[in-house]
Amino acid sequence: MRVEFGVLGAVGARDEEGTPLPLKGPRHRAVLARLIVARRQVVPVARLVADLWDEPPANAVGALRTFVGDLRRGLEPHRPPRTPSRLLVTEGAGYALRAAREDVDAWRFEETVDALGDAGPARVLERTTEALAWWRGPAFADFGDERWLRSPRARLTELRLHAVELRAEALIALGRPVAAVPDLDAHVTDQPWREDGWRLLALALYRSSRQADALSVLRRARAMLREHLGVDPGPRLRRLEEDILRQADRLDPDADRLDPDADRLDPDAGTAAVDQVWARATAAYEGALGSRARTRLESTVGLMRDLAVTGGGGLEAARRHRVAAVAAAEQLGDPELTARVIGVYDVPAIWTRSDDPEQARRLVAAAERTLRSLAPAGQDAARCRLLATIAVESRGTLPRDLSPSGALARPSQAAGQAEEIARRLGDPSLLAFALNGTFMQSFHRAGLAGRRDAVGAELVALAAGHGLVRYEVLGHLIRVQARCAFGDLAAADRHAVAVDGLAARHELPLVSVFTTWYRALRTASTGTREAAEAAYEEAAASLVGSGMPGLEAGLLPLARLCVALRHGGGPPRETADSDWGPYGPWVRPVLLTESGLLDEAAEALRTVPAPPRDLMFEAMWCLVARAAIATGDTGLLAKAHAQLAPAAAEVAGAGSGLITLGPVADHLTAIESALR
């Protein structure tokens, strides 16, 4: 008997005659939904238990088996007793749903939309109309914000919105713009952040002989984007408005097909043409803005955002000009403008130590002042960006180090509030920025690589679905770090390759710094001491001129020390005179013990501070533990054991994507032996 599964709405199943099959309670439906999300792959029992319960009961595994048994009977009511299920199968220590691709509406929908490719408008209209009819409500409508549902639900939602726009574009191309208007009007009402929706609605109205309405729609789009995102419409919307005002020939209803790239440069025209376009555009921009200070400020920060990813000098200049722009905005006394100037600089951040801590403090203070000044109602997008800025800029510091008394929010609270607002608004770029803040505040204890891996996975899916390339890069880099923490170098390799490809295609030179250091870490994990030291020398060269002192300071000598400690034979000879940067307090006791100066090492340990809660947290505690073992400091050993225990399944330091001190479990074993 054929069974069809539906998740484009409430989760359900029907037999081949369309009769609903009994799925019993919500936990049963959750098991089925989780297996559908796995796309025919086996989901281990332990994973299912963790996903079904926040706090699993003692009989969770037994309850799960009961749910699976009930589902099997409901899905295959005519299966003879004691014969294996052909749909919900047991494999190893887990379960899988082996439904055919065409029997799950979500899988069928994805395949249909993805297969359109270069299909003509008639075919696109036919297939998208059919596919959109399969939706009965939001994807997985009977479930809340379960972590395991976020990425697949976001992917399906984005694909549905894309299908709506494809269908409308096909109607316009087929000379039926009037038919496209109602759905597009509803589309932009529900999804006001999608510029393609506004563009298509304006074009459909124009081709329906409603030029005034088309221009009104474009004004609405501009007001919406400026009010809620603090940005101007993109080039395609701006060009459409210009074309409508001059009634450009390319907007004629008899045009073959909407071609947003009709005027693009011949790719063979070369660098000279690019330079010419840049010069003309810059001159036009300067002439148009005149002395409009507010517009200039916002535009400047937008330029700084792009400049920050171009290389070392660009990153340093972006930081410097950003602070000046924020200060200028505050002087104008307009908190909404200041919020936009602060929030538009949403440059993805991967390293947990600030390149300029003083600047970070000033930005956080400005963001907090602006939050206090904003009107209590409305301005949710601006509020979200300010909170995300606080979360990102507060990286690697404790709350008491960030703000004077009376601060609005601790950084971790700011991250949570930003994410909640972004999810409620349904804005992908806003959510990506908020998730960056969530990542930066996910270091309150050891052993959280799994949580960061989930953030990275959601960022990759979200960014890939919405063209947010820089956040797609960030998601892959986070996953490189997280997979290294678990010793899963094969997965880390895949993400490193993906991120290098994105960086090459989109001219993001700073990305290679992190992938070069990752490959040095890989060599240190699998190769000889000599090979590891050579790889780290090459990696250090990539940092020269990068404009990232928060990453560069002390990193090469730390990497050499880690290689030496893992391979034996003592630290490198030059380490005693090295500049250890921020790592000095935790490295010094180890160097003293390695030199046999145990009394001095013990004295250094008595004043050693707690390591910062960042990507090096576990590594620094392992160094402290090594020195404490040598000096017999049992009190410090007990403290180190308590701090490291949550990361027992991880590799010390490898979560940084840069260095490794070997499995945390080995360090815990050494501590336990010393405490006996």
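The values are calculated or read from the model by the stated rules, or taken from the named source; none is laboratory data. Worth saying up front: this structure is predicted, and the values here are computed from it rather than measured. Glycine also receives a Cβ, built like all others from the backbone with ideal geometry; neighbour counts cover every protein chain displayed. Side chains included, ligands, DNA and RNA excluded: accessible areas come from the protein's heavy atoms. Shrake-Rupley method; radii C 1.70, N 1.55, O 1.52, S 1.80 Å.
The condition of being more than 30 Å from ALA391 (Cα to Cα) and open to solvent by 50 Å² or more (accessible area, probe 1.4 Å) holds for only one of THR631, THR669, that being THR669. Within region 452-481, the set of residues being charged (D, E, K, R) and over 17 Å from ALA349 (Cβ atoms) comprises just one member, ASP453.
Residues are listed down the side, and each one gets a yes or a no for (1) modelled with pLDDT under 65; (2) assigned to a loop (DSSP other than H, G, I, E, B); (3) open to solvent by less than 50 Å² (accessible area, probe 1.4 Å):
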{"position": "ALA272", "(1), (2), (3)": "yes, no, no"}
{"position": "GLN276", "(1), (2), (3)": "yes, no, no"}
{"position": "VAL326", "(1), (2), (3)": "no, no, yes"}
{"position": "PRO376", "(1), (2), (3)": "no, yes, no"}
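Which one of these does ARG613 not meet: (1) touching a His at 6+ places or on another chain (Cβ under 7 Å); (2) buried (at least 23 other Cβ atoms within 10 Å of the Cβ)? The one condition ARG613 does not meet is (2). Restricting attention to region 510-538, the residues being surrounded by fewer than 18 Cβ atoms within 10 Å (Cβ to Cβ) and within 19 Å of the chain's Cα centre (by Cα) number 1.
Within region 626-654, the set of residues being closer than 23 Å to ARG588 by Cβ and not aliphatic (A, V, I, L, M) comprises ARG626, THR631, GLY632, ASP633, THR634, GLY635, LYS639, HIS641, GLN643, GLY653. Taking the criterion of being free of Cβ contacts under 8 Å to residues at least 60 places away in the same chain and closer than 14 Å to GLU158 by Cβ, the only residue of region 433-459 that qualifies is LEU459. For region 634-665, the set of residues classified as farther than 16 Å from ALA564 by Cα, open to solvent by 40 Å² or more (accessible area, probe 1.4 Å) and part of a strand (DSSP E or B) is empty. Selection of region 1-50 for residues being among the hydrophobic types (A, V, I, L, M, F, W, C), without any contact (Cβ under 8 Å) to a residue 40 or more places away in the chain and either touching an Asp or Glu at 6+ places or on another chain (Cβ under 6 Å) or open to solvent by less than 30 Å² (accessible area, probe 1.4 Å) (or both) yields only VAL49. Flag set for VAL113, criterion: β-branched (Val, Ile, Thr), in a helix (DSSP H, G or I) and touching a residue at least 40 places away in the same chain (Cβ under 8 Å).
Per the conditions (1) farther than 20 Å from ARG483 by Cα; (2) touching a helix residue (DSSP H, G or I) at 6+ places or on another chain (Cβ under 8 Å); (3) not in a helix (DSSP H, G or I), the sole criterion not satisfied by ILE629 is (3). Note on region 49-79: residues that are over 25 Å from PRO20 (Cα atoms) and within 34 Å of the chain's Cα centre (by Cα) amount to 10.
Whenever a residue of region 475-501 is among the acidic types (Asp, Glu), its partners that are in a helix (DSSP H, G or I) and open to solvent by 40 Å² or more (accessible area, probe 1.4 Å), lying with C-beta atoms within less than 8 angstrom and at least six residues away or across chains, give the pairs ASP493/ARG522; ASP500/SER512. The set of residues from region 567-590 being in contact with a Leu (Cβ under 8 Å, 6 or more places away or on another chain) and either modelled with pLDDT of 90 or more or closer than 26 Å to VAL480 by Cβ (or both) comprises TRP580, GLY581, TYR583, TRP586, VAL587, PRO589, VAL590. Of all residues in region 183-230, exactly one satisfies the criterion of being over 32 Å from the mean Cα position of the chain (by Cα), outside any helix (DSSP H, G or I) and touching a residue at least 24 places away in the same chain (Cβ under 8 Å), namely SER208. With buried (at least 24 other Cβ atoms within 10 Å of the Cβ) and either in a helix (DSSP H, G or I) or among the acidic types (Asp, Glu) (or both) as the only criterion, which of ALA504, ALA482 stands out? Every option except ALA482 fails the conditions. Selection over region 548-558 of residues that are farther than 14 Å from PHE514 by Cβ and either assigned to a loop (DSSP other than H, G, I, E, B) or modelled with pLDDT under 90 (or both) gives a count of 3.
Checking each residue in region 182-207 for being aliphatic (A, V, I, L, M) and surrounded by 22 or more Cβ atoms within 10 Å (Cβ to Cβ) picks out LEU184, VAL188, LEU200, LEU201, ALA202, LEU203, ALA204, LEU205. Those strands (runs of 3 or more DSSP E) of region 1-102 in which at least 1 residues are under 25 Å from LEU132 (Cβ atoms) and touching a Lys or Arg at 6+ places or on another chain (Cβ under 6 Å), considering only elements entirely within it, cover 3-6.
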